[in-house]
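Okay, so here's the structure we're looking at.
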Ligand code: GLU
């Protein structure tokens with residue numbers, strides 16, 4: 001079976017040099033391995049994703065000379081698959097609803113921090129400080145019945161206790177040079193949100209479901225997602241899904257050393273193209289020949 005690679009952008013802005021690097025690397029690796037390249041549009045965030053950004057992704061990738069298989073999978077068209085995974089995790093007793101707003105969570109964290117540092121996840125966000133896990137089934141039903149917004153969280157400790165030791169096969173440079181079999185620490189993320197009342201999924205859940213449903217064998221993505229792989233391995237293990245090989249690549253930085261953002265026009269592919277850059281120039285700029 002040929003290996004299956006994928007590039008999975010979110011249409012919440014225009015692509016920049018960092019995306020070009022990731023997409024070209026996936027394209028080159030797939031070609032070298034005689035493999036397939038899929039494109040997946042990660043558009044579950046209805047508030048931030050826009051059709052014109054999706055259209056621009058196709059145009060920019062095509063301009064770069066990248067070819068991908070069709071049909072393209074758009075996550076917003078597969079919410080039932082994610083809901084089904086939530087139901088399965090719920091049936092395993094690994095999901096609970098929490099009802100605090102973002103402001104309440106910030107207040108709880110500030111309260112905890114009067115007694116010393118509160119643990120943060122690998123992205124620097126405070127772990128969930130609430131106590132919703134200990135609500136009774138009756139209390140949960142009552143709060144949901146009142147129409148309160150809620151988030152569905154993974155009971156990470158329970159999932160880890162049942163999963164045992166987990167690791168993944170890292171073929172890239174990791175975040176700080178880690179490679180080979182890397183130990184996963186999903187506990188570092190606390191009880192991550194897997195879905196919300198209005199959106200039956202999250203980045204972590206849909207990426208895991210889609211990689212499995214699409215038969216992805218090789219995940220090549222930025223090192224900013226390196227530690228997210230811990231959560232992905234835990235979800236794969238609990239849902240009985242295969243683990244792809246991972247290659248986390250270094251991030252393209254601006255001249256000040258910052259990670260690129262979709263609002264930095266200087267490195268936007270459209271801007272560079274308008275200024276006369278060729279696809280070969282883009283390859284050179286990201287260090288690919
Ligand atoms: N949609 C994610 C992003 O644009 C990438 C997800 C992944 O490659 O796992 O950052």
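Derivation of every value follows stated rules applied to the coordinates shown; laboratory data play no part. What you are looking at is a predicted structure, and each value in this text was computed from that prediction instead of being measured. A quick note on method: Cβ atoms are made from the backbone with ideal geometry, for glycine too, and the neighbour counts reach across all protein chains shown.
What is the helix-to-structure angle for 228-239, meaning the angle in degrees between its Cα long axis and the longest Cα principal axis of the chain, kept from 0 to 90 and rounded to the nearest 10?
Around 60 degrees separate the two axes.
Relative to the longest principal axis of the C-alpha atoms of the chain, give the angle of the C-alpha long axis of helix 102-113, reported between 0 and 90° and rounded to the nearest 10°.
Once rounded, one gets 70 degrees.
I want to verify a result. In a Gaussian network model of the chain, Cα cutoff 10 Å, which of these has the top mean-square fluctuation: 91, 20, 137?
Judging by the Gaussian network model, the answer is 137.
Relative to the compact globular guide of 2.2 N^0.38 Å, what is the alpha carbon radius of gyration of region 190-250, as a ratio? Provide the component values of the computation, followed by the final result.
On the way: Rg = 11.7 Å, N = 61, 2.2 N^0.38 = 10.5 Å.
So the Cα radius of gyration is 1.11 times the expected 2.2 N^0.38 Å.
I need the Kirkwood Rh of region 116-206: take the reciprocal of the average 1/r across all distinct C-alpha pairs and report it in angstrom. All intermediate terms of the calculation are to be shown ahead of the outcome.
On the way: mean 1/r = 0.0643 Å⁻¹.
15.5 Å is the Kirkwood radius here.
In nm, to one decimal, how far is the modelled label at residue 155 from the one at residue 259, with both set 7 Å along Cα→Cβ?
Simple spin-label model gives 3.1 nm for this pair.
Go ahead and run the numbers for FRET between residue 107 and residue 188, Cβ-Cβ distance against an R0 of 30 Å, rounding to 0.05.
Values: r = 23 Å, r/R0 = 0.78.
Efficiency computed from Cβ-Cβ geometry: 0.80.
If I model a spin label as a point 7 Å beyond the Cα along the Cα-Cβ vector, how far apart are those points for residue 120 and residue 289 in nm?
4.0 nm
Mind giving me the nanometre distance, one decimal, between the label points for residue 144 and residue 45, set 7 Å out from Cα along Cα→Cβ?
2.6 nm
Calculate for the chain the 222 nm mean residue ellipticity that helices alone would give, adding -39,500 (n - 2.57) per DSSP H run of length 4 or more and normalising by residue count, nearest 500 deg cm²/dmol. Each step should come with its number before you reach the end.
Working: 10 runs with 108 residues, N = 289.
Calculated mean residue ellipticity at 222 nm is -11000 deg cm²/dmol.
Note down the relative contact order for region 101-200 as a percent, whole number, built from C-alpha pairs under 8 angstrom at least six residues apart. Display every interim value, and only then the final one.
Numbers: 94 pairs, mean separation 29.7, N = 100.
Averaging sequence separation for qualifying contacts and normalising by length gives 30 percent for region 101-200.
Just to be sure I understand: of the beta bridges DSSP finds with both ends in the chain, what percent are antiparallel, rounded to 5?
Working: 14 of 27 bridges.
Percentage antiparallel, nearest 5: 50.
Take the Cα of residue 1, step 7 Å along the line toward its Cβ, and report every residue of region 230-269 whose backbone nitrogen sits under 19 Å from that point.
In region 230-269, the label zone of residue 1 (backbone N under 19 Å from the point 7 Å along Cα→Cβ) covers 233, 236-247.
Report the normalised scattering of the chain as log10 I(q)/I(0) at q = 0.13, 0.14, 0.16 Å⁻¹, calculated by the Debye formula with identical scatterers on the alpha carbons.
Listed by q, the Debye log ratios stand at -0.98, -1.12, -1.39.
When the scattering of region 50-166 is computed by the Debye formula from its Cα atoms alone, each counted once and equally, what is log10 I(q)/I(0) at q = 0.19, 0.20, 0.22, 0.23 Å⁻¹?
Taking Cα atoms of region 50-166 as identical point scatterers yields -1.12, -1.17, -1.27, -1.32.
Between helix 203-213 and the chain, what is the angle of the helix's C-alpha long axis to the longest principal axis, kept within 0 to 90° and rounded to the nearest 10?
60 degrees
Tell me, in nm to one decimal, what length is gained between residue 281 and residue 133 on full extension, where the rule is 0.36 nm per residue of separation less the Cα-Cα distance? Display every interim value, and only then the final one.
On the way: separation 148, 0.36 × 148 = 53.28 nm, distance 5.25 nm.
Gain in length upon complete extension: 48.0 nm.
When 72, 219 are ordered from fewest to most other Cβ atoms inside 10 Å of their Cβ, what list results? All intermediate terms of the calculation are to be shown ahead of the outcome.
Numbers: 72 13, 219 24.
Taking fewest neighbouring Cβ atoms as first place, the list is 72, 219.
Could you tell me the center-to-center distance, by alpha carbons, between region 1-76 and region 162-199 in angstrom?
Cα centroid of region 1-76 versus Cα centroid of region 162-199: 23 Å apart.
Please list, short to long, the whole-number percent of alpha-carbon pairs of region 128-262 in consecutive 5 angstrom bins beginning at zero.
2, 9, 17, 19, 18, 15, 10, 6, 4, 2, 0, 0
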